[in-house]
Amino acid sequence: EPMVGCPSCLPAFLLALSIPYTAAQAYRQYALNPVLQRISPGPTRGFSGLFSRKYRPDLRLHAEVSGGTAPKPKPAGSITLEQIKARLAAQQAAAEAKRLEEQKALEESYKGSLAALRKLQNAPPPSEELKTPVSLPADDDEAMILSVAQQDRPAIIDRTDWDIVQVSGKNRVEFLNGLSTNDIGTLSNSGQFADTVFTTRTGRVIDLATAISTPDSILLLVSPGTAAELCPMLRKFIFAQDVKVTDLSVYLSTFTLINASKHPSNQLLEGLGFDPAASPETSSSSPARLWVPKTSKITSTSTRFSGAIQIPETGLGLPGETLLIPVSYACGLWKEAEENQQNLVQLGGVGWKRLRIWQGRPALGSELNDKINPLEAQLWHCLNFEKGCYVGQETIARLKTYQGVKQLLWLMEFNSPDSIDSINANELPFQVKIGDEKVGSITSVEALQGKMRAIGYFRTRSPAGKFVDGSEVKIAGSQTGILLKPALALEGTPAWFEPENAEEP
């Protein structure tokens, strides 16, 4: 090895500092190139840069070889940038091919399970578009649906057309926290759940979702037909994070039990061979309960969540529970419900739509779209103003600060049968006017047993004054409707909401 104190070895020593070579290799190169003249640290950093690790990559070796600068030798085993890009592209292509193969296998299994369920329900077989709402005989029975809304009879609702997205990885909580309105950081333990809203950069609604925490992932129950657009959108925001987004819509299915006996799902799931999940993260006191097939452990792999989830909410302001369960158990669940619940009303997607209008739950495409923000839809429980930034946060915070909400979602009730004809004769959304001035619009209507309810948006300030719970609104001439709180805003508006004191931003 060369001696540092030897003047003839100094260039070789400095060369060893500048490139990933051993001192012996550098000395041999120096010995084979007697025309080596000098080592320059570059035009700006000065001689002191020679001894700084920070500047070593900028040291240049000058030699009278081929009349120019000697090329810097590459470390053994190094690869070019093009090779790195090619390897990454190959890995991504292989991962995508594997994902598509798994998705195809899930779809084939889903078709068989769904066909068996439709046969049991005496419903038409599933179409080529698997995620379509089913229509069952009770969906057209106004008396049955009204009895469910009035909590006189129990019901099971087939919501297999709803989509489910799984977000897994170590950074899943921080990832979703930066993309939705609620504080996903509170979902630290399995079984916890919360409603949240995905918004655009301008704070407009993309979709209303229910987020449920499992041991290794967060499941998102989203509106029918939205997973195909939501998954690619979420993947675009993954930057050097341990996050994976998977569409489980053709693996997990959704059912809602209303007005059934206390914790009806317990008996149904036990009858299907499920046990409550027992793990350090899951306890019986959790808001939602996780269940696993007997002799199995609860898992949430990169492919899918293997288990069932029991959520103690219906999303309609009615007592009951919502179940997420593998579609292979759907037939068994439907049979168990028929055998264990008396006077059970069996509803499909059409029945859900009629109930959600009657209860005042907003739906994507009708009350929720890219022109509405969560405050206007009275989704107060989905908003957290204390957490950090998220997409659309600046606009929503400004609306709160300056009381900039111009309209609110309300449920309207009419007792006159004449109201049904006067509104249904018009295309929705139907404008509500006082004189020549528009004060609101009706987006959805439903008639049951000679009564009618409608969902619509009404201005917070109008010639008729302030619209609040219990206000009377005239539409279509002399027809009068009464405003009621919608299903997801039963707790009322928050204390800070005072639109009459609005300021100009």
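T196 meets the conditions (1) of a type in the set (V, I, T); (2) crowded, with 19+ Cβ neighbours inside 10 Å; (3) modelled with pLDDT under 95 in every case but one. The failed one is (3).
What about Y390, is it in a helix (DSSP H, G or I), of a type outside the set (D, E, K, R) and more than 23 Å from I145 (Cβ to Cβ)? No, not satisfied. Just for region 237-254: of the residues that are crowded, with 22+ Cβ neighbours inside 10 Å and touching an Asp or Glu at 6+ places or on another chain (Cβ under 8 Å), which one is modelled with the highest pLDDT? Out of the qualifying residues, it is S249.
So, in region 335-375, exactly how many residues are surrounded by fewer than 22 Cβ atoms within 10 Å (Cβ to Cβ), of a type in the set (D, E) and either assigned to a strand (DSSP E or B) or not assigned by TED's automatic domain parsing to the domain that holds S265 (or both)? Counting residues in region 335-375 that are surrounded by fewer than 22 Cβ atoms within 10 Å (Cβ to Cβ), of a type in the set (D, E) and either assigned to a strand (DSSP E or B) or not assigned by TED's automatic domain parsing to the domain that holds S265 (or both) gives 1.
Exactly one residue out of S168, S147 is among the small types (G, A, S), in contact with a Lys or Arg (Cβ under 6 Å, 6 or more places away or on another chain) and more than 30 Å from A397 (Cα to Cα), and it is S147.
Please verify whether A240 is small (G, A, S) and in contact with a Pro (Cβ under 9 Å, 6 or more places away or on another chain), treating the condition exactly as stated.
Answer is no for this residue.
For region 176-189, a residue qualifies if it is buried (at least 23 other Cβ atoms within 10 Å of the Cβ) and touching a residue at least 40 places away in the same chain (Cβ under 8 Å), and the qualifying residues are L176, S180, T181, N182. Here region 161-208 is the region considered, the condition is being in a loop (DSSP other than H, G, I, E, B) and among the hydroxyl-bearing types (S, T, Y), and the residue that is nearest to F255 (Cα to Cα) is S190.
Which pairs turn up if I take residues in region 363-391 that are of a type in the set (K, R) and look for partners that are assigned to a helix (DSSP H, G or I) with beta carbon separation below 8 Å, at least 6 apart in sequence or on another chain? Once the first residue is of a type in the set (K, R) and sits in region 363-391, its partners that are assigned to a helix (DSSP H, G or I) give K387/N177; K387/G185. A single member of S135, S109 is part of a helix (DSSP H, G or I), hydroxyl-bearing (S, T, Y) and assigned by TED's automatic domain parsing to the domain that holds S223, and it is S109.
The values are calculated or read from the model by the stated rules, or taken from the named source; none is laboratory data. Just so you know, these numbers come straight off a predicted model, no measurement behind them. Neighbour counts run over all protein chains shown; Cβ positions are idealised from the backbone, glycine included.
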